[in-house]
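Asks: Before anything else, here's the structure in question.
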Amino acid sequence: MREGDQGEQERGSGDGEGLGNESGKEEGRAFEPKEPAAADAVLQEVGNSLAADSTDPPELTLESASVVFGSFGTQLLLLGMLYSYGVFQFAYSEELDHSAGKVAAIGSIQASLMPGLGPISGILAERFGH
């Protein structure tokens, strides 16, 4: 037996024996930092910097309200079309005289383009938006 193996056997076999609190602290006590004053100082500094950066909420104007409601309406229409495609799939396949698989491929492409083009539209919005 090696020297390290003997030490492991003395501590326990790994099934819960010998796994007492080796630090000498009472069981159930939480970890306490050595310098609580230092932690308090860091929290105070972070709180002060957050308080200095805070601003009042923007005013509600006609322009800001129209942006919010316009964005809501756009998302409602686009996501409504995307998620309701399966309802109209049978009608599309009957009207266009195509198989259900071909018509389903159109919905699949539509569903993959929306999140797939998100990074590109994000870059364009950052570059040309105000």
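Only the coordinates and a few stated rules stand behind these numbers; no lab work does. Predicted, not measured: the structure shown is a model, and the values here were computed from it. Ideal geometry is used to build each Cβ from the backbone, glycine not excepted, and the neighbour counts take in all protein chains shown.
Asks: Where Lys and Arg each count +1 and Asp and Glu each count -1, what net charge lies around F88 among other residues with Cβ under 14 Å from its Cβ?
Replies: Residues close to F88 contribute a combined charge of -2.
Asks: Right, another one. How long is the gain from V46 to L62 if the chain were fully straight, where each residue apart is worth 0.36 nm and the alpha carbon distance is subtracted?
Replies: So the chain would gain 2.2 nm between V46 and L62.
Asks: Any chance you could run the full-extension gain for F88 through L113? It's 0.36 nm times the residue separation minus the Cα-Cα distance, nm to one decimal.
Replies: Details: separation 25, 0.36 × 25 = 9.00 nm, distance 1.91 nm.
Length difference between fully extended and current span is 7.1 nm.
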